[in-house]
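**Student:** Before I ask anything, let me first share the structure, which is written out below as structure tokens.
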Amino acid sequence: MIECGPENFMKHKIILFLAAVCLLFGCTKNETQKPVTMVFLPNESSDAMKDARQAFMEIISEAVGRPVEIKTTTDYNIALEAIISGNADMAYIGAEGYINAHKRNPAIVPVVTNSGPSGTLEDALYYSFIAVRTEDAAQYKDGAGYDLNRLKGKSISFVSTSSTSGFVIPATLLVKKFGTNSTDELIQGNSVFSKVLFAGSHQGSQVNLFRKDADAAAFAIPQTIGVYDLIEGEAYQTGAAYKVVEGAIEPFDKFPGSEITIIQSIPVLNAPIVMNTKTLSSEEQNKIQEALTSEKTANNPGIFKIKDSEKKGMYPKYTEKTKLVKTTDAWYDKIRNLTK
């Protein structure tokens with residue numbers, strides 16, 4: 001039998017008071033303190049991008065008033081599944097990855113992307129490359145340009161079937177050049193290529209080329225500025241040749257002096273930062289978008305590559321106008337229509 005003496009009575013009063021406080025303000029399992037989770041693709045999961053991830057964490061946390069948890073990945077599909085399933089609230093993924101994610105979960109929408117020199121969506125693009133080792137480039141030469149048909153029977157490395165610039169865009173172009181029916185024919189049965197590799201990251205696709213595991217490779221290098229010196233041609237254009245610099249970041253540090261030549265350069269729409277509108281409130285969505293498109297973010301050396309800064313930003317700062325700009329699902333129809 002429980003005695004209700006003065007001491008026990010006071011304990012019960014204290015317990016009831018604390019319970020009332022918890023009901024009013026929340027003591028445990030406080031949803032407002034649940035972290036916003038943001039996932040990054042393998043390219044942006046490297047140590048070289050730690051300043052960028054930290055900057056995003058700080059900007060988003062300040063905007064919504066709660067912690068932000070960053071998730072890094074070593075595989076494209078892991079990142080996509082995280083945002084599609086709701087295990088992540090936000091993600092930085094390629095255009096094709098976004099289109100697939102939105103198709104499977106319409107709550108996934110694009111928030112911002114990085115602008116071009118104009119500060120608008122008009123020139124918000126980067127480049128997908130099909131490259132070969134410079135020592136082999138002559139065999140693909142055709143007059144002033146290069147003949148992609150000479151890749152038939154060769155080995156090739158792609159990034160992932162979910163990668164816009166590392167597979168979808170270059171593979172779609174090759175289908176047209178080769179006269180095949182679909183990208184499936186490029187990767188099945190060795191009917192076109194002698195071997196097809198999927199590296200899982202843009203860095204890995206380049207490494208396959210350096211190691212001579214593949215004769216050609218598809219990839220993009222928007223995040224590896226500073227890894228290469230341009231040694232011939234116009235930057236990012238067909239015919240450009242690059243050499244890996246001494247002291248480059250991993251995994252490029254193992255291949256100093258290696259040279260590659262771009263035999264096809266293809267413009268690609270910039271990748272979006274996306275959010276799951278079912279896991280973030282409308283107010284939070286608006287606050288995040290406003291914070292990311294602010295002038296403060298545009299001048300954050302963790303987000304953009306600011307001249308003379310010790311931090312390694314994620315995006316190139318082409319001009320003073322360059323910034324993160326709002327984007328929409330409809331803007332990615334150009335990519336979506338390629339695969340129809």
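**Student:** Share of the chain's accessible area from carbon and sulfur, percent, 1.4 Å? Present the calculation step by step, with values, prior to reporting the outcome.
**Tutor:** On the way: 8550 of 16610 Å².
The computed percentage sits at 51.
**Student:** Antiparallel DSSP bridges in the chain: what percent, to the nearest 5? Spell out each step's value before the answer.
**Tutor:** Values: 34 of 49 bridges.
Expressed as a percentage, antiparallel bridges in the chain total about 70.
**Student:** Can you give the FRET efficiency for GLU62 and ASP213, using 1/(1 + (r/R0)^6), R0 = 51 Å, r = Cβ-Cβ distance, to the nearest 0.05? Before the final figure, lay out each step's value.
**Tutor:** Details: r = 44 Å, r/R0 = 0.87.
Calculated transfer efficiency: 0.70.
**Student:** Nothing charged except the Cβ atoms of Lys and Arg (+1) and of Asp and Glu (-1): what's the magnitude of the dipole of region 138-265 about its Cα centre? Round to the nearest 20 debye. The partial results should precede the final answer.
**Tutor:** Numbers: 11 positive and 13 negative charges, 82 e Å.
For region 138-265, the charge dipole is close to 400 debye.
**Student:** Got a sec to turn the phi values of region 294-302 into Karplus ³J(HN,Hα) couplings, 6.51 cos²θ - 1.76 cosθ + 1.60 with θ = phi - 60°, whole Hz, x for Gly and Pro?
**Tutor:** Per residue, the Karplus-derived 3J(HN,Hα) values read 6, 5, 4, 5, 4, 10, 7, x, x Hz.
**Student:** Further question on the same structure: LYS278 to ILE231: FRET efficiency via 1/(1 + (r/R0)^6), r the Cβ-Cβ distance, R0 45 Å, to the nearest 0.05? Mind dumping the intermediate values first?
**Tutor:** Numbers: r = 49 Å, r/R0 = 1.08.
The computed FRET efficiency comes out at 0.40.
**Student:** While we're looking at this one, here's another question. Given Cβ point charges of +1 (Lys, Arg) and -1 (Asp, Glu) and nothing else, what value in debye, to the nearest 20, does the dipole of the chain about its Cα centre take?
**Tutor:** On the way: 36 positive and 39 negative charges, 108 e Å.
For this selection, approximately 520 debye.
**Student:** Next up: Work out how much length ALA107 to GLU69 would gain on full extension: take 0.36 nm times their residue separation and subtract the Cα-Cα distance, in nm to one decimal. Intermediate values should be presented prior to the final figure.
**Tutor:** Numbers: separation 38, 0.36 × 38 = 13.68 nm, distance 2.03 nm.
Stretched out fully, the ALA107 to GLU69 stretch lengthens by 11.6 nm.
**Student:** Right, next: Return the long-range amide H neighbours of LYS317 (sequence gap of 5 or more, or a different chain), with a cut-off of under 5 Å between placed amide H atoms.
**Tutor:** Under 5 Å from the amide H of LYS317 lie the amide H atoms of LYS305, each far enough along the sequence or on another chain.
**Student:** Throw me the Rg/Rh for region 152-247, computed over C-alpha atoms with Kirkwood Rh, two decimals. Present the calculation step by step, with values, prior to reporting the outcome.
**Tutor:** Working: Rg = 13.7 Å, Rh = 14.0 Å.
Answer for region 152-247: 0.98.
**Student:** Right, next: Looking at region 218-291, which GluC sites (Glu not before Pro) are DSSP coil and have at most 12 other C-beta atoms within 10 Å of their C-beta?
**Tutor:** Details: sites: GLU232, GLU234, GLU246, GLU259, GLU283, GLU284, GLU290; in loops: GLU234, GLU246.
Sites meeting the loop and neighbour criteria: GLU234, GLU246.
**Student:** Keeping all protein chains in position, work out how much accessible area ARG150 exposes to a 1.4 Å probe, and write it in Å² to the nearest 10.
**Tutor:** Taking all protein chains as shown, ARG150 has close to 100 Å².
**Student:** For helix 95-104, report the angle its Cα long axis makes with the longest principal axis of the Cα atoms of the chain; keep it between 0 and 90° and round to the nearest 10°.
**Tutor:** In the chain, helix 95-104 runs at an angle near 50 degrees to the longest axis.
**Student:** Please list 3J(HN,Hα) in residue order for region 130-147, calculated via the Karplus relation 6.51 cos²θ - 1.76 cosθ + 1.60 where θ = phi - 60°; whole Hz, with x for glycine and proline.
**Tutor:** 10, 10, 10, 5, 4, 5, 9, 4, 4, 6, 9, 5, 9, x, 7, x, 10, 9
**Student:** Given the C-alpha centroids of region 234-255 and region 76-116, what is the distance between them in whole angstrom?
**Tutor:** Measuring centre to centre over Cα atoms gives 29 Å.
**Student:** Express in nm, to one decimal, how much length is gained between ASN87 and LYS177 on full extension, taking 0.36 nm for each residue of separation and deducting their alpha carbon distance. Intermediate results must be reported in sequence, preceding the final value.
**Tutor:** On the way: separation 90, 0.36 × 90 = 32.40 nm, distance 3.99 nm.
That pair, ASN87 and LYS177, stretches by 28.4 nm at full extension.
**Student:** OK, next. For ARG336 and ASP123, calculate 0.36 nm times their separation in residues minus their Cα-Cα distance, and state this gained length in nm to one decimal. Mind showing how you got there, number by number?
**Tutor:** Details: separation 213, 0.36 × 213 = 76.68 nm, distance 1.83 nm.
Gain on extension, ARG336 to ASP123, equals 74.9 nm.
**Student:** Counting only heavy atoms of protein chains, what accessible area per residue, in Å², does the chain have with a probe of 1.4 Å? Mind dumping the intermediate values first?
**Tutor:** Numbers: 16610 Å² over 340 residues.
On a per-residue basis, 49 Å².
The values are calculated or read from the model by the stated rules, or taken from the named source; none is laboratory data. Just so it is clear, the structure is predicted and the values come from calculations on it, not from any experiment. Reconstructed Cβ throughout: ideal geometry from the backbone, glycine too, with neighbour counts over all protein chains shown. Remember, those area values only see protein heavy atoms, side chains included, never the ligands or the DNA or RNA. Shrake-Rupley method; radii C 1.70, N 1.55, O 1.52, S 1.80 Å.
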